[in-house]
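The values are calculated or read from the model by the stated rules, or taken from the named source; none is laboratory data. Everything quoted here is computed from the prediction, not taken from an experiment. Note that we place each Cβ from the backbone using ideal geometry, even for glycine, and neighbour counts take in every protein chain shown. Remember, those area values only see protein heavy atoms, side chains included, never the ligands or the DNA or RNA. Shrake-Rupley method; radii C 1.70, N 1.55, O 1.52, S 1.80 Å.
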Amino acid sequence: MPVTERLRELMKRARREMNGNMTQLLAGSAKKVLLQKVEFEPARRTFSEQLQRLRGKYVRLNSPAKSGDALVGSRDGIPAPQKVLFPVERLSLKWEKVHRIGAGLRNLGNTCFLNSTVQCLTYTPPLANYLLSKEHSSTCDQGSFCMMCIMQNHVAQAFANSGNVIKPVAFVRDLKKIARHMRFGQQEDAHEFLRYTIDAMQKSCLTTTREGFSTYSTLKCEAMEACGESCRSSAPSSHEEDLGQQTWP
Ligand SMILES: [Zn+2]
């Protein structure tokens, strides 16, 4: 018998034996596991006790407000807000009107971080609904830079130019006012730019009111509501002071 045939025969036999052994081994292990007698015993702690223990371990920072209750945060010992700029009841998470898809944004040179952020905000229904209502510009009297006005103009322009490409020039022009350290032409982080843009929108909303807020007022403005945030301010009298802690839902 040639060597190759002999080798093949030996290999076939080895494989058959191995398969047989493997099947036996698997059957043996499965039998051991499946036929094992499992004895149950009552739990030392009931499920409700465990839940109670977990409840004691974690503290919910932003307890949901009762229906019709604008006193968000009142359960954590901080006084109820004296002024709510944009009540949550007015917030609509759905599009109030069906729009054709808006314009695309031209990359003006490493502005992809800016374009993507602005596009996300443009297609955030609660914010877009508010901006398209032009409610902001009807009360805004900021002579110079206003992030809400920039956003409002952009969203209106984007939906008026369906199928076209527009340039986000206002954002580039005021980039340093949005985020002081960002430079046009330089690659930047989209999430960081988003945070600065939301902060700038919030400042615009608060400045527009031209009112001071008492200590521990809860400031709820359009921009923050639309982005799912609320802000508790500990600014003593001026809304341009530090906005204090921010709570996330
Ligand atoms: Zn404005």
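A few remarks follow.
- Meets criteria (exposed (fewer than 15 other Cβ atoms within 10 Å of the Cβ) and either modelled with pLDDT under 85 or away from the ligand (no atom under 16 Å from the Cβ) (or both)) for T207: no
- For the residues L26, L10, the requirement of being open to solvent by less than 100 Å² (accessible area, probe 1.4 Å) and at negative phi singles out L10.
- Filter result for T117 (more than 16 Å from the ligand (Cβ to nearest atom), closer than 23 Å to F184 by Cβ and within 19 Å of the chain's Cα centre (by Cα)): yes
- Matching residues in the range 162-182 - criterion: being within 19 Å of T117 (Cβ to Cβ) and either of a type in the set (S, T, N, Q) or not in a loop (DSSP other than H, G, I, E, B) (or both): V165, I166, V169, A170, F171, V172, R173, L175, K176, K177, I178
- Residue check for F145: under 24 Å from R183 (Cβ atoms) and out of contact with any strand residue (DSSP E or B) (no Cβ under 9 Å at 6 or more places or on another chain): yes
- Qualifying positions in the range 133-161 - open to solvent by 50 Å² or more (accessible area, probe 1.4 Å) and more than 9 Å from the ligand (Cβ to nearest atom): S133, K134, E135, S138, G143, S144, N153, Q157, A160
- Among the residues of the range 122-132, the ones that are open to solvent by less than 10 Å² (accessible area, probe 1.4 Å) and closer than 21 Å to G163 by Cβ come to 3 in all.
- Residues located in the range 75-90, provided they are outside any loop (DSSP other than H, G, I, E, B) and either at pLDDT below 80 or touching a Gly at 6+ places or on another chain (Cβ under 7 Å) (or both): R75, D76
- Condition check for S144: at pLDDT 85 or above, outside any helix (DSSP H, G or I), within 24 Å of E96 (Cα to Cα) and over 25 Å from the mean Cα position of the chain (by Cα): no
- T197 satisfies every condition listed in (1) in contact with an Asp or Glu (Cβ under 9 Å, 6 or more places away or on another chain); (2) within 16 Å of the ligand (Cβ to nearest atom); (3) open to solvent by less than 40 Å² (accessible area, probe 1.4 Å) except (1).
- In the range 97-115, the residues that are surrounded by 14 or more Cβ atoms within 10 Å (Cβ to Cβ) and polar (S, T, N, Q): T111, N115
- For I178, the requirement of being open to solvent by less than 50 Å² (accessible area, probe 1.4 Å) and closer than 21 Å to L91 by Cα is not met.
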